[in-house]
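Here's the structure, in structure tokens; my notes come after.
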Amino acid sequence: MGVGSRLKSSLQAKEYNENSGNETTYGRWSNVDLDPTPPSQRNWSPWYFFAFQFSIAFSPTTYNIGSSLYAIGLNWWLIVISSFVGTGFCCIVLFFNSRGPTFYHIGFPVYMRISAGIYGSLWFIFVRMIVAIFYMGTQTYYASRLLHVSLRCIFGHQWEDIPNSLPASAGITTSQMVAFFIAWVLQFPFAFLHPKNAGPLFVVKSMLSPVAYTATMIWALVKFGGVDLALGTKHVSGGQLGWNFMRAINTVCSGVVPPMVNIADLARYGNKPSDVVPLVIGLFVSKPAVILLGLFTTAAGAKQFGVATWNQWDFYSLVLDNYWGPGTRTLVFLGAFIQSFATIVTNVSSNAIPVGCDLNGLFPRYFTIVRGMVLCHILVWPVVPWLLVNSAQNFLTFLGSYLCFISPTVAAMMVDYWYARRGNIHVPSLYTPVPSSPYYYVKGCNPRIYIAWICGVVLVISGIAGAIKPGTISQTAVNVYNTGFLLSLTCGAVVYFLLCYIWPVRVYPLGEHEHESKSWEAMVPTEGFFHDDLIIPSYIRDRVLVGEEVNVSGSERDRFSGGMKHNSWSKAE
């Protein structure tokens, strides 16, 4: 073997998992991380799921939402109401989109093949990856701004006196760039943390981050003698107030879009849907709570300083400017550093892991999840995130734009699982791009989801230009864009439902199994395998034959044991 061949072989991803019960690969469309998760790796407990979603809301993104919404003319109680309404919608979507991956133990890149087709899924995987890279950059920038405050607490004026050699057009100072580099270095080791082992990390964050946020708010309320809830300098009424309220709901939802889309990447490590239910509870409890913490902290600062800071690092900077001293520096350092760490953890789950999974799905021969996460960390620099989030307006627009492209996709995925297939997935067909596969559709692509996606995107995308530069497009288009989550989600779901009603999808492969039972989740007891599939993990064979699962009927065991006559349980050559 030549040097080139050895190098190519070393770069190729491992094809199978020794703990999966197989010693053979599903084919070139799979590798060790794309195969269904074996029982030995299904180690995410309900507590891990709760801690994950509960802690993920404690981030600058969510904190900034509440204070930013003052800029569009909403008062505090409308913001509170919108936070609960928007979070409620997100909880529903999160629940519906997590059931399939939990039962069949497949991540987003493979799960996307069900509704989009084996080849058609690549576009949606690519879109999610690109957006997650941008989110990765912005979250790293948030972590660096909080770290910047922490470094000021340590070094004082010496940190502040670092000469700025960057032009104003750069959108960042030299000291901020140094802080960004340090934050990136601290974050980089997490690129090697496989998601199956990430659960304890979120438990740690769920304990530290809420304490830091709550302590900051209580300190501000006590120190400044209450709050000034009349923060908004812009006041709206009538129809515009209604549209702005819808925009607030849209903004709240947009902050949860990554978990709604990414849930398959973590739900696959659970054992049953009830394990994931605490995740929904954690979201509904934490999301409005963080928005309220941001509101009251900002309001307290406005009362004291006469200015409403829409992000926490500016609030901390004002506190240091006016209350410089050992005690204040210590408290601010602890608060800012803990929240910088929490932001890095959020980055791991919401962005690094999805990008790793997507690169794994796009290039299964060369990328594992960890390799993809490493590349994701490197790509943070070309994103120049400090230019994306330099104002409240840009921040809200950036969040809202993602909804235009991903909401119809999520809607189609839910309709496909819950209506079109009634929860029945044939797992081996997800790795075989042949005409007999139910996920081959038309040349490997499902036209239904593309039609639904285009309809959902076209409905709201025209308003992006007006949202960024008011006056360049009609206000009606902007208002439609500001309700992008609900409109594009509903449009995508309705269009995909109608197309599946008129043009039903094929549930099982062509051949002897195409007339198998299509009752609700009939394939769940065997995790998506038939008795005569070429590759059947031994843990499924053994569990079904001995009736370990209480929901496996006698007839189901008979159907599987019948295959033993033809040695159909043996591993594929």
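Of the residues in the stretch 289-304, not one is closer than 26 Å to D358 by Cβ and part of a helix (DSSP H, G or I). A Cβ distance below 8 Å, combined with a sequence gap of six or more or placement on separate chains, defines the contacts here; from the stretch 110-124, residues that are closer than 18 Å to C500 by Cα reach residues that are among the charged types (D, E, K, R) and not in a helix (DSSP H, G or I) in the pairs I114/R421.
V307 satisfies every condition listed in (1) assigned to a helix (DSSP H, G or I); (2) over 30 Å from P36 (Cβ atoms) except (1).
Can you find even one residue in the stretch 97-119 that is over 20 Å from N424 (Cα atoms) and in a loop (DSSP other than H, G, I, E, B)? There is at least one residue in the stretch 97-119 that is over 20 Å from N424 (Cα atoms) and in a loop (DSSP other than H, G, I, E, B). In the stretch 477-494, the residues that are among the small types (G, A, S) reach residues that are not in a helix (DSSP H, G or I) with C-beta atoms within less than 7 angstrom, at least six apart or across chains, in these pairs: A477/S462; A477/G463.
Counted as qualifying within the stretch 152-261 are the helices (runs of 4 or more DSSP H) with 2 or more residues that are surrounded by 13 or more Cβ atoms within 10 Å (Cβ to Cβ) and more than 24 Å from the chain's Cα centre (by Cα), namely 174-187, 199-224, 238-254.
For every residue, the table says whether it meets (1) in contact (Cβ under 8 Å) with a residue 40 or more places away in the chain; (2) touching a Leu at 6+ places or on another chain (Cβ under 9 Å); (3) not hydroxyl-bearing (S, T, Y).
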residue: G242; (1), (2), (3): no, no, yes
residue: A248; (1), (2), (3): yes, yes, yes
residue: Y269; (1), (2), (3): yes, no, no
residue: P288; (1), (2), (3): yes, no, yes
residue: I291; (1), (2), (3): yes, yes, yes
residue: F296; (1), (2), (3): yes, yes, yes
residue: A300; (1), (2), (3): yes, yes, yes
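Residues are listed down the side, and each one gets a yes or a no for (1) more than 17 Å from the chain's Cα centre (by Cα); (2) not β-branched (V, I, T):
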{"site": "L74", "(1), (2)": "yes, yes"}
{"site": "S83", "(1), (2)": "yes, yes"}
{"site": "C90", "(1), (2)": "no, yes"}
{"site": "V93", "(1), (2)": "no, no"}
{"site": "S98", "(1), (2)": "no, yes"}
{"site": "G107", "(1), (2)": "no, yes"}
{"site": "V110", "(1), (2)": "no, no"}
{"site": "F126", "(1), (2)": "no, yes"}
{"site": "M129", "(1), (2)": "no, yes"}
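If the condition is being more than 17 Å from A342 (Cα to Cα), in contact (Cβ under 8 Å) with a residue 40 or more places away in the chain and either touching a strand residue (DSSP E or B) at 6+ places or on another chain (Cβ under 6 Å) or β-branched (V, I, T) (or both), then the stretch 145-167 contributes only I154.
Of all residues in the stretch 408-447, count the ones that are crowded, with 24+ Cβ neighbours inside 10 Å and farther than 16 Å from Y111 by Cα. Adding up the residues that qualify gives 0. In the stretch 484-513, the qualifying residues are those that are open to solvent by less than 10 Å² (accessible area, probe 1.4 Å) and out of contact with any Pro (no Cβ under 9 Å at 6 or more places or on another chain), and the one that is farthest from T87 (Cα to Cα) is C500.
Among residues that are touching a residue at least 24 places away in the same chain (Cβ under 8 Å) and either in a loop (DSSP other than H, G, I, E, B) or farther than 19 Å from N262 by Cβ (or both), I353 is not included.
Of all the residues in the stretch 28-48, those that are of a type in the set (G, A, S) and either within 22 Å of V280 (Cα to Cα) or assigned to a loop (DSSP other than H, G, I, E, B) (or both) number 2. Within the stretch 262-293, the residues that satisfy the criterion of being crowded, with 19+ Cβ neighbours inside 10 Å and of a type in the set (D, E, K, R) are D265, R268, D275, K287. Sub-9 Å Cβ pairs linking a first residue in the stretch 326-341 that is in contact (Cβ under 8 Å) with a residue 40 or more places away in the chain and within 12 Å of P60 (Cα to Cα) to a second residue that is open to solvent by less than 50 Å² (accessible area, probe 1.4 Å) and not in a helix (DSSP H, G or I), at least 6 apart or interchain, are Q339/F58; Q339/S59, ordered by first then second residue. Which pairs have Cβ atoms under 8 Å, sit 6 or more apart or on different chains, and link a residue in the stretch 168-184 that is of a type in the set (G, A, S) to one that is outside any helix (DSSP H, G or I) and open to solvent by 30 Å² or more (accessible area, probe 1.4 Å)? If the second residue must be outside any helix (DSSP H, G or I) and open to solvent by 30 Å² or more (accessible area, probe 1.4 Å), the pairs left are G171/V384; G171/N390; S175/I162; S175/N164. Tell me yes or no: at least one residue of the stretch 312-323 is among the acidic types (D, E) and touching a helix residue (DSSP H, G or I) at 6+ places or on another chain (Cβ under 8 Å). Among the residues of the stretch 312-323, not one is among the acidic types (D, E) and touching a helix residue (DSSP H, G or I) at 6+ places or on another chain (Cβ under 8 Å), which makes the answer no.
The set of residues in the stretch 469-482 that are part of a loop (DSSP other than H, G, I, E, B) and either surrounded by fewer than 21 Cβ atoms within 10 Å (Cβ to Cβ) or more than 23 Å from the chain's Cα centre (by Cα) (or both) comprises K469, P470, G471, T472, I473, S474. For the stretch 336-368, filtered to residues that are open to solvent by 10 Å² or more (accessible area, probe 1.4 Å) and of a type in the set (S, T, N, Q), the residue that is farthest from the chain's Cα centre (by Cα) is T368. Considering the stretch 262-273, and only residues there that are in a loop (DSSP other than H, G, I, E, B) and not polar (S, T, N, Q), the residue that is farthest from the chain's Cα centre (by Cα) turns out to be K272.
Residues of the stretch 91-119 that are open to solvent by less than 10 Å² (accessible area, probe 1.4 Å) and touching a Gly at 6+ places or on another chain (Cβ under 6 Å): T102, Y104, P109, G117, I118. Take the conditions in contact (Cβ under 8 Å) with a residue 24 or more places away in the chain and either of a type in the set (A, V, I, L, M, F, W, C) or within 26 Å of N322 (Cβ to Cβ) (or both) and apply them to M207. Does it pass? No.
The values are calculated or read from the model by the stated rules, or taken from the named source; none is laboratory data. Predicted, not measured: the structure shown is a model, and the values here were computed from it. Please note: Cβ atoms are built from the backbone with ideal geometry, for glycine as well, and neighbour counts cover all protein chains shown. These area figures cover heavy atoms from the full protein model, side chains too; ligands, DNA and RNA do not enter into them. Shrake-Rupley method; radii C 1.70, N 1.55, O 1.52, S 1.80 Å.
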